[in-house]
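Novice: Encoded as structure tokens, here's the structure I'll be asking about.
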Amino acid sequence: MKITDILNTKRPALSFEIFPPKRSADTESALAAAAELAGLRPDFISVTCGAGGGGNTNTSLVAGHVQKSVTALAHLTCVSSSRGQVKTAAGELKTLGVENILALRGDIPEGGVLSSDYRYAADLARELKTFGFCVGGACYPEGHPEAETREADIDHIKLKVESGCEFLITQLFFDNNILYNFLYLLQSKGVGAPVIAGVMPITNAKQIKKMTTMCGAALTPKHKAIIDKFGHNPPALRQAGIAYATEQIVDLIANGVRGIHLYTMNRPDIARDIFSNISEMFPI
Ligand code: FAD
């Protein structure tokens, strides 16, 4: 099913993000995580592509597997992708029945180069539309770290939507007011594509430091206090992180967001615990 059709009929939509294995030897555990998440009956599951700059490995394999039980959204990046490689990936995904692609510029690996065929996600989105995919794009409530100004970043998002992105998924954020302000700015610039809110539960102190450094999301004072207090007590941090994410999602749904996208980090146990707190808010 196309994600635009899901977003037109389901409010709010629920989706999960997983990453494919870097090594073929780890395929089984990634597929097991995908199967467990599919059991929670989300509206779709997205599969990253070389996030962190690791190359485009195994996305199609996992997305094809997901597509057998739940709508899959395969990520595809400009980084290291030639026009020929994109054509091959698009053909492969079509054969697997995958109808949705998230078009991304991609994390640039250290010492890596950008494709000369696609500079920005908008360029890739334009190309993917010609293959008939339902295409989405990324957006950044706090502004993309490389953007000169927040306003310029919103102009680029507008261009991305005009180039074919039919929905947007946000980078993780911890303060919902930042998202509400961002949605207002998008609306005032005439960007009408539905925005799905990306939520990441903080359940591991090390991981959150890495993620916030990479994507620039600001921690709230409440979050800092949670990490200070429970950073050395993993079971307590897990519980606090689940409670925080639950509260964040309840507020987002109460304020009418179009969808929630949970960054699961391939932890179905955490997704399950959060889902059990909010399941009635996602009518089937
Ligand atoms: P773009 O939309 O191309 O924007 C990149 C920068 O260029 C921005 O600063 C933007 O303002 C600027 N820009 C855009 N258009 C123009 C223009 N015409 N002129 C001048 N400047 C312009 N990374 C991965 O490697 N793999 C993944 O699977 C992955 N999944 C992600 C999923 C989500 C939901 C999100 C939010 C991010 C994901 N990322 C992933 C990270 C993303 O690739 C990086 O944040 C990357 O730095 C930007 O990607 P983008 O698609 O937003 O780029």
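All of the numbers you see were taken from the coordinates with simple rules; none came from a lab. Here the structure is a predicted model, which is why all the values come from computation and not from measurement. Methodologically, a virtual Cβ is constructed for each residue, glycine included, from the backbone with ideal geometry; neighbour enumeration extends over all protein chains shown.
Novice: So between Asp228 and Glu36, what do we pick up on full extension, going 0.36 nm a residue minus the alpha carbon distance?
Specialist: Numbers: separation 192, 0.36 × 192 = 69.12 nm, distance 3.17 nm.
Full extension of this stretch gives 66.0 nm more.
Novice: Scan around Leu14 for amide H atoms under 5 Å from its own, H built in the peptide plane at 1.01 Å from N, and keep only partners 5 or more places away or cross-chain.
Specialist: Asp43, Phe44, Ile260
Novice: If the cut-off is a Cα-Cα distance under 21 Å, which lysines reach Lys129, setting aside same-chain residues fewer than 8 apart in sequence?
Specialist: The reachable lysines, counting only those whose Cα sits under 21 Å from Lys129, are Lys2, Lys87, Lys94, Lys158, Lys160.
Novice: Relative contact order for the chain: what is it in percent, counting Cα pairs under 8 Å that are at least 6 residues apart?
Specialist: Working: 498 pairs, mean separation 56.7, N = 284.
Reported relative contact order: 20 percent.
Novice: Treat the chain as a sphere of radius equal to its Kirkwood radius over Cα pairs and apply Stokes-Einstein at 4 °C in a medium of 1.567 mPa s; give the translational diffusion coefficient in µm²/s, rounded to a whole number. Don't skip to the end; give the middle numbers.
Specialist: Numbers: Rh = 19.0 Å.
Reported coefficient: 68 µm²/s.
Novice: List the aspartates and glutamates whose alpha-carbon lies under 15 Å from that of Lys210, not counting same-chain residues fewer than 8 positions away?
Specialist: Asp107
Novice: If you don't mind, another one. Measure out, as a whole number of angstrom, how far apart the alpha-carbon centroids of segment 88-135 and segment 7-84 sit.
Specialist: Taking the Cα centre of each part, segment 88-135 and segment 7-84 sit 14 Å apart.
Novice: Right, next: Tell me which GluC sites (Glu not before Pro) from segment 134-232 have a DSSP coil assignment and no more than 12 other beta carbons within 10 Å of their own. Working shown, then result.
Specialist: Numbers: sites: Glu142, Glu146, Glu148, Glu151, Glu162, Glu166; in loops: Glu142, Glu146, Glu148, Glu166.
In loop regions of segment 134-232 (DSSP not H, G, I, E or B), the sparsely surrounded GluC sites (Glu not before Pro) are Glu146, Glu148.
Novice: Here is a further query. Apply 1/(1 + (r/R0)^6) to the Cβ-Cβ distance of Tyr184 and Met214, taking R0 = 30 Å, and write down the FRET efficiency to the nearest 0.05. Provide the component values of the computation, followed by the final result.
Specialist: Details: r = 26 Å, r/R0 = 0.88.
Efficiency at R0 = 30 Å is approximately 0.70.
Novice: Just want to confirm a number: the relative contact order over segment 179-284, from Cα pairs under 8 angstrom separated by 6+ residues, in percent. Could the numbers behind the result be given before it?
Specialist: Working: 77 pairs, mean separation 40.1, N = 106.
Reported relative contact order: 38 percent.
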